[in-house]
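Asks: Following this message is one structure expressed as structure tokens.
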Amino acid sequence: MRPFRAARRFLWLVLIALLPIVVSPKAEGAESQQVVITFAAPEAEREALDLAVREALSHLGLRVNVQRADAVDANAILAPTAREPALARIWIDLLQGRVILYVVDGPWERVLVRLLTREPNNPAIDHERVSQILRASVQALQEGARIGISREQARRQLSGPALPVKPPLSPQPIPKRRAPARSEALELGVGAQYELQTFTSDSLSHAVGAELLLSNITGARLGVELQLTYRSLRLKLDETEAQQNVFAPRLLLDRPLRAWGGTRLVPFLGGGVDVLHLSPSTRASTLLATRERTLLYPVLRAGLLLDQELTQQLKLRFGLIVDAFPADIRFGVQRGDGSEHYVRAWPVRPGISLGIFWMTPGAPR
């Protein structure tokens, strides 16, 4: 039992070490990694535009603060005020019969101005074109590029003759689904979780563990999860109780699906092993245990997770899980008269999980 006790202590130390990180409200320098967007749009377009701009920047590892306004004042944009640090400040005006877009860099030294004609009776195309410009501009600022013109040049242009309006990028409708951005961000996350799972017809198993997440590893937005959980379970066998300790590593692949707001549905599939340590009074399969034993059982795991963003870097995860064991797992004791009593573990074990995770802001690839 000593190796298992040492491993159990190590796992608890890992969870305690993660706690300050998980409860930290924001990472160092997070203020300068935010984008502030202010837009003025007709009432019928506000919800759709809000969703479009958030989605355009969702994979850049930034905190996006979207505000709605009744109008956009170009003079206020060109006169910097004391505000919190930001990578970029963006204003979108859809109330002038055309689209006017302003992108200001963090130091408030340069301004990118774009004027576009509106697509008649199809605001979704206007929102898409705005999203493309926003994504390209913010990515350029992340990479240290300079955008637009100086603030003084922009002031002279806006106070002089009207700027020419650019025609639509394409007269063809834009597909509803877009290809992933060329430089989607890799995200790394760590967290702690709790699992409640069926074990036999009259017992449940409780498990605690740590998890490592890696998201957006391919253009298909696949993710990899490495889980390590520990559970201790007492089985009632006849007139005695048997103790088992289980370490359960799992390797999973997931594919996040868009749901609503800051919520994501995440189906996953994978597998691992259960490392079972049995006490002298327990038994697995047809092998009586007269001494301590460690046995390995392969397992398949599938399920559906519900991720809810609490902040830009902190998320809560609720899951429905199912473990399937190809092997027949039984536990038993031998009575004094030589007869045997068995308890059989379920080969398919549904359960639920609850976890909290801290995600690092991804760097563009």
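Rule-based calculations on the coordinates, nothing more; no lab input. Just so we're clear, the structure is a prediction, and the values are computed from it rather than from any experiment. As a convention, Cβ positions derive from the backbone with ideal geometry for all residues, glycine included, and neighbour counts pool all protein chains shown.
Asks: Through the Karplus equation 6.51 cos²θ - 1.76 cosθ + 1.60, θ set to phi - 60°, convert the phi angles of region 300-316 into ³J(HN,Hα) values in whole Hz; use x for Gly and Pro.
Replies: 9, 10, 9, x, 9, 10, 10, 9, 10, 6, 8, 9, 4, 10, 10, 9, 9
Asks: Further question: Suppose R0 equals 22 Å; then what is the FRET efficiency for Thr117 and Arg46 from their Cβ-Cβ distance, rounded to the nearest 0.05?
Replies: For R0 = 22 Å, the calculated efficiency reads 0.60.
Asks: Related question: Which loop-located trypsin sites (Lys or Arg not before Pro) does region 82-133 contain, where loop means any DSSP state but H, G, I, E or B and the Cβ has at most 14 other Cβ atoms within 10 Å?
Replies: Arg83
Asks: Would you grab the residues whose amide H sits under 5 Å from the one on Leu60? Only those 5+ places off in sequence or on another chain, please, with H modelled 1.01 Å from N.
Replies: Amide H to amide H, under 5 Å and 5 or more residues apart or across chains, Leu60 pairs with nothing.
Asks: Assuming R0 = 35 Å, what is the FRET efficiency of Glu109 and Ala302, from their Cβ-Cβ distance, to the nearest 0.05?
Replies: That gives a FRET efficiency of 0.10.
Asks: Per residue of region 60-76, in order, report the coupling 6.51 cos²θ - 1.76 cosθ + 1.60 (Karplus, θ = phi - 60°) as ³J(HN,Hα) in whole Hz, putting x for Gly and Pro.
Replies: Karplus values, whole Hz, x for Gly and Pro: 9, x, 10, 8, 10, 10, 9, 10, 9, 9, 7, 7, 10, 9, 4, 5, 5.
Asks: Here's something else I'd like to know. Between Leu251 and Glu309, what FRET efficiency comes out of the Förster formula 1/(1 + (r/R0)^6) with R0 = 35 Å and r the beta carbon distance, rounded to 0.05?
Replies: After rounding, the FRET efficiency stands at 0.90.
Asks: Would you mind computing, in nm to one decimal, how far apart the modelled labels at Arg68 and Trp346 are, each placed 7 Å from Cα along Cα→Cβ?
Replies: 4.6 nm
Asks: Multiply the residue separation of Arg234 and Leu269 by 0.36 nm, subtract the distance between their alpha-carbon atoms, and state the gained length in nm to one decimal.
Replies: 9.7 nm is the gain from fully extending Arg234 to Leu269.
Asks: Could I have the simple spin-label model distance between Val224 and Glu143, label points 7 Å from Cα toward Cβ, reported in nm to one decimal?
Replies: Result for the modelled spin labels: 2.6 nm.
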